[in-house]
Amino acid sequence: MRRLPLIGFLTAHGVSAAGSRLTLVALPWLVLSTTGSATQTGLVAFVELSLYVAASAFGAPLVDRFGRRRVAVGSQLISAATVACVPLLFDGGHLAFSGLLGIVAVAGLAQGIASSATHVLLPDVIEAADASMERSLSVFDGIDRLSTLLAAPAAGVLIAWMGAVNVLWLDAASFLLSAALLASFARTPGKAPSTKDAEPYLTALAKGARYMFGDRLLVVLCVMLTFTNMASQAFTVVFVPVWIRDNFGDPAMLGMIAGSFGVAAVCGNVLFTWLGPKLPRRWTFAICFLIAGSPRFFAMAFTDDIAVVLAVSFASGLATASLNPIISAVMFARIPEELRARVLGLSGALSWVGIPLGALLGGLAVSGFGPSGALLAGGLLYLVATLSPFVQGIWRGMDRGDEPVRERELARTAV
């Protein structure tokens, strides 16, 4: 029974992630098929993700004040209601493009706060279950990958069968189920949050910022992720749908590409769960990131052969499986428990700040340079960013042997 909260938490995450993957495929296709505009497709993602990033950064003190589980559950309920508004208004003929932008803005806010709360709740649940942190993080990421594997191909089939707008009902239902699971099972022992003794909002936010920017490795890592996430978002929500539309015109192909990546990511995750604790973090991270990113862009830029694209996608998915567990393990080891919500929120926001720009710039790049030119530009950006761990010495701080040294450095600078 000790591990029941962890099982419930992981199940809730898997359900929510599966629903989000459906929307990640369905919403861009809905906008692209109804407007015919890659720029508007990118704009929708830009608005949602801009608010997501802002909420992740500035909502973290609220997570500390009102409680991680309570905020996670409430945010999931708001997300369910917001996502349901899209098919409801669309079917009634009342969904203007400006209205869609407003809906995705609210959804971005709710999901940004939910993400901050759930990621800070995760190590608490792991510790309460007396489970291995590194292996549990790998399982958490594996569930995320499995959701992609199952939901992304299903999304393509569901879009072809029931229409993109109706797929969003499934996402709304997933948020409701996730909220119910978190409320029922994700309970951890500890002091209840007290608004009476809480720090002033700006003081709490500033303390987290000082800590984060005092850790050079966290800053360099977040800057690198800013650029890779920007390129990845353009690839997912703009480049792939446009490439599929221009070469095949079949939305089921969206699921094939996402599915090949997802199968490999799940296989890689199983492998990393076994080998991860034995591998050097820095070089595993560096080599896998190099393989996981730019090759996908270059494959689509130079060929319209779906077999080649699927093979490259599979190799990239296999390599990407190690990245999130390593990043999470490094962050949880370097950030004290009482500052996790604020530092993880701020570092997550910095890492994600490029994502809304990626969606917007991806649409503009396709319009300005054509699909192949946009893919080449995105691939080069990704390649340059992922060379950083090979040439900068600060990345040695990722290795397990350097953690005690860094902890002493942070102890001198912590406020």
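Table for the structure above
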| item | result |
| --- | --- |
| Any chance Val15 is in a helix (DSSP H, G or I) and either of a type in the set (D, E, K, R) or buried (at least 24 other Cβ atoms within 10 Å of the Cβ) (or both) | no |
| Search result, residues across region 91-105 that are part of a helix (DSSP H, G or I), in contact with a helix residue (DSSP H, G or I) (Cβ under 8 Å, 6 or more places away or on another chain) and more than 10 Å from Val47 (Cβ to Cβ) | Asp91, Phe97, Gly99 |
| Cβ-Cβ under 7 Å pairs, at least 6 apart or on other chains, region 218-231 side under 22 Å from Leu361 (Cα atoms), far side crowded, with 23+ Cβ neighbours inside 10 Å and among the aromatic types (Phe, Trp, Tyr) | Thr228/Tyr382; Asn229/Trp352; Ala231/Tyr382 |
| Matching entry among Ser79, Ser116, Ser132, Ser75 (being in contact with a Leu (Cβ under 8 Å, 6 or more places away or on another chain) and of a type in the set (S, T, N, Q)) | Ser116 |
| Conditions (1) within 18 Å of the chain's Cα centre (by Cα); (2) at pLDDT below 80: number failed by Leu225 | (2) |
| Filter pass, Met331 being part of a helix (DSSP H, G or I), out of contact with any Asp or Glu (no Cβ under 6 Å at 6 or more places or on another chain), hydrophobic (A, V, I, L, M, F, W, C) and over 27 Å from Ser260 (Cα atoms) | yes |
| Residues within region 143-163 that are modelled with pLDDT of 85 or more and crowded, with 23+ Cβ neighbours inside 10 Å, tallied | 1 |
| Subset of region 297-311 [out of contact with any Phe, Trp or Tyr (no Cβ under 8 Å at 6 or more places or on another chain) and more than 18 Å from Asp250 (Cα to Cα)] | Phe298, Ala299, Ala301, Phe302, Ala311 |
| Residue in region 112-133 that is of a type outside the set (Gly, Ala, Ser), more than 13 Å from Gly19 (Cα to Cα) and not in a helix (DSSP H, G or I) present | yes |
| Qualifying positions in region 318-328 - part of a loop (DSSP other than H, G, I, E, B) and under 30 Å from Ala38 (Cα atoms) | Ala321 |
| The one condition in (1) under 23 Å from the mean Cα position of the chain (by Cα); (2) under 19 Å from Val219 (Cβ atoms); (3) modelled with pLDDT of 80 or more that Gly358 fails to fulfil | (2) |
| Criterion (surrounded by fewer than 16 Cβ atoms within 10 Å (Cβ to Cβ) and farther than 26 Å from Arg145 by Cα) met by exactly one of Asp250, Asp246 | Asp246 |
| Subset of region 92-106 (residues that are without any contact (Cβ under 8 Å) to a residue 40 or more places away in the chain and out of contact with any Cys (no Cβ under 7 Å at 6 or more places or on another chain)) | Gly92, Gly93, His94, Leu95, Ala96, Ser98, Gly99, Gly102 |
| So Leu339, is it at pLDDT below 85 and not charged (D, E, K, R) | yes |
| Top-ranked residue of region 258-288 - restricted to ones that are among the aliphatic types (A, V, I, L, M) and under 14 Å from Arg145 (Cα atoms), ranked as surrounded by the most Cβ atoms within 10 Å (Cβ to Cβ) | Ala265 |
| Given (1) buried (at least 20 other Cβ atoms within 10 Å of the Cβ); (2) closer than 16 Å to Val242 by Cβ, index of the condition Thr34 fails | (1) |
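Rundown of residues vs (1) polar (S, T, N, Q); (2) without any contact (Cβ under 8 Å) to a residue 40 or more places away in the chain; (3) more than 13 Å from Gly19 (Cβ to Cβ), yes/no style:
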residue: Gly108; (1), (2), (3): no, no, yes
residue: Asp144; (1), (2), (3): no, no, no
residue: Ser174; (1), (2), (3): yes, no, no
residue: Leu177; (1), (2), (3): no, no, no
residue: Ala183; (1), (2), (3): no, no, yes
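Rundown of residues vs (1) of a type in the set (A, V, I, L, M, F, W, C); (2) farther than 30 Å from Leu95 by Cβ, yes/no style:
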| position | (1), (2) |
| --- | --- |
| Gly108 | no, no |
| Ile113 | yes, no |
| Leu121 | yes, yes |
| Val139 | yes, yes |
| Ala151 | yes, no |
| Ala164 | yes, no |
| Leu170 | yes, no |
| Leu176 | yes, no |
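Matching residues to (1) closer than 23 Å to Trp395 by Cβ; (2) surrounded by fewer than 22 Cβ atoms within 10 Å (Cβ to Cβ):
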| residue | (1), (2) |
| --- | --- |
| Leu290 | yes, yes |
| Gly293 | yes, no |
| Ala299 | no, yes |
| Asp304 | no, yes |
| Thr320 | yes, no |
| Glu338 | no, yes |
| Val343 | yes, no |
| Ile355 | yes, no |
| Leu361 | no, no |
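The values are calculated or read from the model by the stated rules, or taken from the named source; none is laboratory data. Since this is a predicted model, take the numbers as computed values, not measurements. Virtual Cβ from ideal backbone geometry, glycine too; neighbours counted across all protein chains shown.
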